[in-house]
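What follows draws every value from the coordinates through simple rules; no lab data is involved. Nothing here was measured: the structure is a model prediction, and the numbers come from that model. FYI the Cβ positions are ideal-geometry reconstructions off the backbone, even for glycines, and counts take in every protein chain you see.
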Amino acid sequence: MSSRSSFSDCKASRVLLRLVGALIFLCVVISFYLGNYYYHLHHQTYMSTTEHFYRKEDKSNKKRKYTNTSKRDKSQTIPIHERDVFESIIKRVEWTEEQCSSVPDDHRQTLTTSLTNATDLPPLPEGGVGLALKRWMRENEQQPCEAANVDGCPTCYLPPPTSCDVTTFTIVIMAHTTGRLKKFIDPLVGMIEGWPGLTEMIIVWNSPRTTLTAVSKEKERIYATKLLAWDEDPSHPLRIFFSLEEGLTNNLLNRYHPLLRPKNQAVMYFDDDGPFFSKEAMVDVGLELWRRNSNVQVGAWPRNIRYLSSRMKEVGKKGLKESIDIVAKDVQGDSDISYPSFTPFCRNITQDHVEYNRDSFPDFNAHILLPSGSFLHRNFLCFIWHPAFEELREWIAHHKTMPDDMMVSMLVSHLSGKAPRTFPREISTTANDHSADNSAERGINTQVLDQSRRRLGLWNMKGWFDMRVEAINSLLGYFGSMHYGSVGWCAGTIYSQDHDENQSECIPATPTLNMIPWLNEGIGSNHCPPRDATHDI
């Protein structure tokens, strides 16, 4: 009896062991699949794996050769991988640290003014973008989706230097209140009817859907009903992206989110209260400039910062001159030419700080583009919401001025290794109409400033300007350097006027189409094949 009992116990033990082993194996399998699921779930919030944004990585090339993003091999057909781009930024931060450390003692702490805190938000760490990228690359040396050989591994790629084959574009407008529906819906009607190449409009709605479906004021309800009807009409180019329903918060950066999935490579931005520039400025001139410079930000409302230290002024002036010479020589975007180095910003060593210029919209030497009237290649959306830049986005969201315009301009320039390009926001339709030739009349109304800030009511905030100064200094310290400044549309032409050795300007401020060089067999015209459209005075 005891032997039979022992045999039964042994048999039961074996069965139990097999069950335990099976459970352990099952747990391992479940953990593996859950890991992959949560990895993709995490990445879904910032990028799409559709063909619109990302190209599948070549698995045969496990070891990538890092390339300088400011130099591009003409024979290269594969876009520059995010890890190559990040390496380039890290090297620039390290180079900046070396430059700052080598500043002579008699050039340190020479400024007579100091930067004061305008908010209680601590500044971003100096050179922090390099640390953030190193940390992300170390923690993601082999991405889980790559290890599992999953198709469509979500990865960012730089856009090409030119996009001559692009003839269509998407307009993105962000809004959150029905009080401004009329301001952008009326202009949109004219754009839909008269802007060639406009095939998609995305309204990024940063409020609950009910703010559109349950409107109390009659005039606003009429426009809300029209907007919703457009969205529901599958034949209409407009669609609404409800940010909150996509798991996002009310954030200015939502207009740059990859979940928008614009179907066109060229993305044109406007604020919901404008200004809305003409078809001649945006399509005939701006889009054509972007097609020839699709790996940088292109825009019509530029801002610049003022360097205070003589060292930064000298370096910035040299870089801008070199950049103007490159454009004037009609160098194409895919050439092997080296673009100027960025200007080091040595906050801790030399106590560097800068001023934010709110008084003009310069053609040359602009550092920031306001959103209205700007273009971006859709590939940049992936980078703007990349996990490696989470610290940067969090700081922007918590700063009182929410300086998304500063962040986007600085980030895109560091990704591309180049400065933005600018074009005139007003185009004269008659040969004798140059009402804004006088520099005192330029810029429409300089009090209509920073449209995205006005939209949120931030412009009226007490101490707003000081907070903007704080923001640009914090961001500049985080990246460690600033690009060499924009080159105006008139560079290398008879319309470029030098006021002194430090300032250039395009005169007239409102040119006719036949003055724009890339439209009329001038500088940049041969970078893309000519279009069928002709440009008359």
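Observations on the structure shown:
- Per-pair calculated FRET efficiency, R0 = 25 Å: TRP95 and LYS313 via Cβ, rounded to 0.05: 0.80
- For the stretch 169-527: relative contact order, % (alpha-carbon pairs under 8 angstrom, 6 or more apart): 22
- Beta-bridge orientation, the stretch 169-527: approximately 45 percent antiparallel, per DSSP, counting only bridges with both partners inside.
- The stretch 87-116 and the stretch 329-364: distance between their alpha carbon centers, rounded to Å: 14
- For HIS257, HIS176, HIS236, order by how many other beta-carbon atoms lie within 10 Å, fewest first: HIS236, HIS176, HIS257
- The stretch between THR116 and ASP466, if pulled fully straight at 0.36 nm per residue, gains 125.1 nm over its current Cα-Cα span.
- Given +1 at the Cβ of Lys and Arg, -1 at the Cβ of Asp and Glu and no other charges, the dipole of the stretch 169-527 around its Cα centre is 780 debye to the nearest 20.
- Take each peptide in 213-224, 392-403, 411-422, count the other Cβ atoms within 10 Å of every residue, and average; sorted highest first, the result is 411-422, 392-403, 213-224.
- Percent of Cα-Cα distances greater than 34 Å, calculated over the stretch 169-527: 24
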